[in-house]
Amino acid sequence: MQIDIMTLFPEMCEAVLSESIIGRARERGFVDIRCVNIRDFTADKHNRVDDAPYGGGMGMLMQAQPIYDCYQSLCENAEERPHLVYMSPQGKTLTQEKVKSLAKLPHLVLLCGHYEGVDERILDEIVDEEISIGDYVLTGGELPAMVLADAVCRMLDGVLPNDEAKSLESHYNGLLEYPQYTRPPVWHGVSVPDVLLSGHHENIEKWRHEQSLLRTFLRRPDLLETAELSEKDRKFLKTLKDEQEKEE
Ligand code: 4G4
C-alpha cells in the first residue's frame with residue numbers, strides 16, 4: 001500500500017512515521033509512506049500558500065493552486081487516481097470499521113489543512129471524503145493524518161509483530177479489552193488474579209471474556225448495542241444489570 005501525506009510540515013510527519021512499528025514496516029517494505037511538501041508546488045514568487053478569505057473574517061485559508069498541483073503530481077506517478085482524504089473537524093468521525101476499509105485501498109492520499117482550512121473548491125473538485133478523528137479542534141491536520149496513517153498501517157499484513165493483536169479485535173467483537181498483567185506476581189502489595197496463574201486455559205478464557213463484558217457494561221454501554229453477543233453473554237449482562245439495580 002502507498003500512503004502520501006500532503007502537508008506544510010513534512011519533517012514533522014516524517015519524524016513521527018519513522019519510529020517504532022510504522023518505521024520498521026516502512027523499512028521492511030510493507031507500506032510506502034511519503035510526506036510531500038505542498039509549498040514545493042506554489043506558483044507564487046514569494047512561496048506563499050495562504051491568502052485572506054473573500055468576504056472578510058478572521059484568519060487565512062490555504063489556496064487551491066498549490067494543493068491541486070501537489071495532488072496532480074501524485075496522480076501522474078499513479079496507475080489509478082488515488083483516494084484523497086481531507087483531515088478536518090467537519091468530517092465524519094473515524095471508526096475502526098472505516099480504518100479497515102481504507103486499509104484495502106492500494107493508494108491513499110491525506111491532505112492536512114492549516115490556518116482556517118482550505119479553499120472550498122478543493123473539496124468540490126478533488127477531495128473524496130472528509131474525516132475527523134474526534135470532536136475537538138487542532139492547529140493543523142498533521143496529527144489527525146498521523147493517527148489515520150498509524151491506524152491503517154497496523155491493519156496491513158506483516159506490520160504488527162504478532163498477528164494476534166489484530167485478530168483480537170475481531171475475537172472480542174466490539175467489546176473493550178480485558179485487564180492484563182505481567183511480572184512480578186505481587187507488586188505494591190497487589191496480586192495478579194489467581195485464575196491467570198492457574199494455567200487452566202478454559203477458566204482463563206472465561207474470566208477474560210467476562211472481564212471484557214464487565215468493562216464494556218461499566219464504561220461503554222453504548223458498544224453493547226452493536227457487539228456480537230452470545231446467549232450466555234446476554235445472561236451474564238443481565239446479572240450485572242440486576243446487581244446494579246439492587247445497589248440503587
Ligand atoms: C480543516 C479545517 C482535523 C483542518 C480547519 C483538523 C481537528 C481535526 C483544520 C482546521 C484540525 C479533527 C485549523 C480548525 C486543521 N483539527 N478533529 N485542524 N482548523 O480531526
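The table that follows gives values for the structure above.
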quantity: Contour excess over end-to-end distance, with Cα ends at Glu11 and Val186 and 0.36 nm allotted per residue; calculated: 58.6 nm
quantity: Virtual spin-label span in nm between Arg39 and Glu125, 7 Å along Cα→Cβ; calculated: 2.3
quantity: Separation in nanometres of the label points that stand 7 Å from Cα toward Cβ, at Thr139 and Glu19; calculated: 1.8
quantity: Cβ-derived FRET efficiency at R0 22 Å, His200 paired with Thr239, nearest 0.05; calculated: 0.50
quantity: Note, ³J(HN,Hα) from phi for region 149-154, Karplus 6.51, -1.76, 1.60, rounded to Hz, x at Gly and Pro; calculated: 4, 4, 5, 5, 4, 5
quantity: 3J(HN,Hα) from dihedral phi, region 92-105, Karplus parametrisation 6.51/-1.76/1.60, rounded to Hz, x for glycine, proline; calculated: 6, 5, 5, 10, 4, 4, 5, 4, 4, 6, 5, 5, 8, 6
quantity: Potential lengthening between Thr95 and Leu224 on full extension [0.36 nm per residue; Cα-Cα distance subtracted]; calculated: 44.8 nm
quantity: Net dipole in debye of the chain [+1 Lys, Arg Cβ; -1 Asp, Glu Cβ; about Cα centre; nearest 20]; calculated: 740
quantity: DSSP bridge orientation in the chain - percent antiparallel, rounded to nearest 5; calculated: 15
quantity: 1.4 Å probe accessible area per residue over region 1-116, in Å²; calculated: 57
quantity: With Cα atoms, 0 to 90° folded angle of helix 201-219 axis to the chain main axis; calculated: 60
quantity: Burial ranking of peptide ranges 198-206, 64-72, 37-45 (average Cβ count within 10 Å, highest at the top); calculated: 64-72, 37-45, 198-206
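The values are calculated or read from the model by the stated rules, or taken from the named source; none is laboratory data. The shown structure was predicted, so the numbers you read here are calculated from the model rather than taken from an experiment. Virtual Cβ from ideal backbone geometry, glycine too; neighbours counted across all protein chains shown. Quick note on the areas: whole protein, heavy atoms, side chains included, nothing else; ligands and nucleic acids left out. Shrake-Rupley method; radii C 1.70, N 1.55, O 1.52, S 1.80 Å.
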